[in-house]
Amino acid sequence: TTSTMGITRVSNIRKIHMANYEIDTWYISPYPEEYSRHRILCICEFCLKYMSSDYVAQRHALKCQYRHPPGTEIYRHEGNSIFEVDGAKSPLYCQNLCLMAKLFLDSKTLYYDVEPFMFYVLTENDDKGCHFVGYFSKQKVASATTPPVAPAITDSPGSSTSHETISTTDPITNGSAHDGTNGTATTATSSSAPAEPIPAVRNNVSCIVTLPTAQRKGYGNFLIDFSYLLTRCEKTVGTPEKPLSDLGLASYTNYWKHTLCYELRKLRNSADPATEISIDTISQTTGMTLDDVVFGLETLGFLVQTPQKSYTLQIDDRVLDDIIAKWESKNYRRVHPEKLLWVPLT
Ligand code: ACO
Ligand code: ZN
């Protein structure tokens, strides 16, 4: 039972019947009352229409014209596609999608006001059609906030465990790095005078869901990676809308960790060993916000605070290699950026 502004809503829905699956629901979703009365809600896997009985669903299946989500197919590779669905152009589909997603989302989400959002729907394809696996939504025009200024990190070339120092006190006066613990820190990134304008920060994901039947197979990670690919095409940086659910935080933390490991390894192996590692650079090449980069580095244990209240970046190559090897051993499908057919709206 959920209570909104004094109205108590009761829902009996415990399962959804979709394609050949009966899926246990996790939370209450505000389906119209006549549908909430049923224990099992039937959902068409192609148009996401909700129906009160198998009989109605079977009749619908005979005449449903959809074999894939509406909108534009912007990615197709190895049996998976991603469709970009405009909330303004396909409001009914997107409302059905939001209502279904709410069955697995604890936090308040939108259901009917879908126009300001784009929906990126991931499918598994076969000769019968493109079957829904998961999605994320993204606000079309988000209010941009002025991003914080990156603390500077300096790289210590040549050492397997490097000690890089960043200052995180006052971003305005932060123009020089403190010396690292091993005394090999070189020049600092002067973050107050960046070479290129720092892009605006926006939410690159509003809500993200993988159907429970498809979870823990790497699809959530695939969707997250795809959201950052779009963000990089937009030449900006992005972060998921808060609050994150526990599962959202687990998935994002995992993504940030291995993405940072790949990026750090790339920077360490770059032609010029003196290449400076700065949070700005990592943020711009990954599309992650400065805060998320710092959070990821801290989670990896690579960011260590010194008594002088500055931070030292200590990259342990063994940890880095272990995380990458462990991730690759899962053999989850990866996003192939060259398969994306998409240009940003603005
Ligand atoms: N427990 C622990 N770690 C997890 C879990 C879990 N249940 N789910 C994901 N992770 C971490 C793991 O490291 C996992 O790798 P592993 O499975 O090899 O251990 C890694 O994330 C990648 O998991 P995926 O298989 O890619 O993720 P999945 O397809 O299961 O989708 C998602 C993750 C979308 C969060 C899914 O759990 C879901 O739909 N949950 C319900 C809705 C929700 O909470 N969405 C996020 C809300 S926050 C927001 O929308 C911005
Ligand atoms: Zn249908």
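May I ask you to list the aspartates and glutamates whose Cα is less than 18 Å away from that of residue 140, ignoring any residue fewer than eight positions away on the same chain?
Candidates past the 8-residue exclusion: 73, 84, 86, 113, 115, 234, 241.
Just in segment 1-109: which GluC sites (Glu not before Pro) are loop by DSSP and have at most 13 other Cβ atoms within 10 Å?
78
Please work out the Cα center distance from segment 45-118 to segment 222-267, rounded to the nearest Å.
24
Report, largest value first, the span of the C-alpha coordinates of segment 208-346 along each principal axis, in whole Å.
47, 33, 30
Rounded, prolate or oblate, given the Cα gyration tensor of segment 238-288, with a/c below 1.5 counting as rounded?
Here segment 238-288 falls in the prolate category.
To the nearest 20 Debye, how big is the dipole of segment 294-346 about its Cα centre, given +1 on the beta carbon of each Lys and Arg and -1 on that of each Asp and Glu?
The dipole of segment 294-346 has a size of about 240 debye.
Could you tell me what percent of the DSSP beta bridges with both partners in segment 192-332 are antiparallel, to the nearest 5?
40
When only DSSP loop residues count, what chymotrypsin sites (Phe, Trp or Tyr not before Pro) in segment 54-114 have their Cβ near at most 14 other Cβ atoms within 10 Å?
112
Please identify every one of the trypsin sites (Lys or Arg not before Pro) in segment 274-345 that sits in a loop by DSSP and has no more than 13 other beta carbons within 10 Å of its own beta carbon.
In loop regions of segment 274-345 (DSSP not H, G, I, E or B), the sparsely surrounded trypsin sites (Lys or Arg not before Pro) are 309, 330, 334.
Using Cα-only point scatterers and the Debye equation, what is log10 of I(q)/I(0) for segment 1-115 at each q in 0.11, 0.12, 0.16, 0.19 Å⁻¹, rounded to two decimals?
-0.39, -0.46, -0.81, -1.10
Bear in mind these aren't lab numbers, they're just calculated from the coordinates by the rules spelled out. Small disclaimer: the values here were computed from a predicted structure and weren't measured. Virtual Cβ from ideal backbone geometry, glycine too; neighbours counted across all protein chains shown.
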